[in-house]
């Protein structure tokens, strides 16, 4: 499909540029996408999605020098992969809640104590979710990569372009800030 889109470009210069870009960067884009998603079945589709995004920006990227062009291509592929993961996780979350609702009818009645524990646990999860949503984007991504995707510090460092030794420090700050937001929220509720 991507080749069809490239050949459909009006300008011969644009066609040649995009074909050259595809030939030179396809392997890098596919590797970047795979390193983030760890899904070899989706890597090719996401690589093609990356080049479709690049076609839309052809006038801008034609002016870039080779180093800047490579960085732009990698950044675009990372963005496509991260967006894919976010969409997939939202879909899985809704799928899970749908299954949970169907299974609820089959579960024998639970004691009041267990139900109360579940409600408290769900409230704590909601508070944590609300606190995380208030964090800066980089801290949200950091926590997402570490605790949802369960990536290693070195992988997170590669994705976020930070030193591997700094990942733990950034994680500590993000957790501390989330904890402070939760405590602040709890204090505000207690006062009202």
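The values are calculated or read from the model by the stated rules, or taken from the named source; none is laboratory data. In this text the structure is predicted, and so the values were computed from the model without any measurement. Note that each Cβ is placed from the backbone with ideal geometry, even for glycine, and that neighbours are counted across all protein chains shown.
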Only one of (1) farther than 29 Å from residue 73 by Cβ; (2) at pLDDT 85 or above fails for residue 130. Which number is that?
-> (2)
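On the basis of being assigned to a helix (DSSP H, G or I), out of contact with any strand residue (DSSP E or B) (no Cβ under 6 Å at 6 or more places or on another chain) and within 15 Å of residue 22 (Cα to Cα), does residue 70 make the cut? Please lay out each step first, then the result.
Details: assigned to a helix (DSSP H, G or I): yes; out of contact with any strand residue (DSSP E or B) (no Cβ under 6 Å at 6 or more places or on another chain): yes; within 15 Å of residue 22 (Cα to Cα): yes.
Judged against the criteria, residue 70 is a match.
This table checks each residue for (1) modelled with pLDDT of 75 or more; (2) in a helix (DSSP H, G or I); (3) in the same structural domain as residue 71 (by TED's automatic domain parsing); (4) within 17 Å of the chain's Cα centre (by Cα).
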| residue | (1), (2), (3), (4) |
| --- | --- |
| 135 | yes, no, no, yes |
| 144 | yes, yes, no, yes |
| 151 | yes, no, no, yes |
| 155 | yes, yes, no, yes |
| 170 | yes, yes, no, no |
What is the number of the single condition among (1) at pLDDT 80 or above; (2) farther than 19 Å from residue 82 by Cα; (3) assigned to a loop (DSSP other than H, G, I, E, B) that residue 106 does not meet?
-> (1)
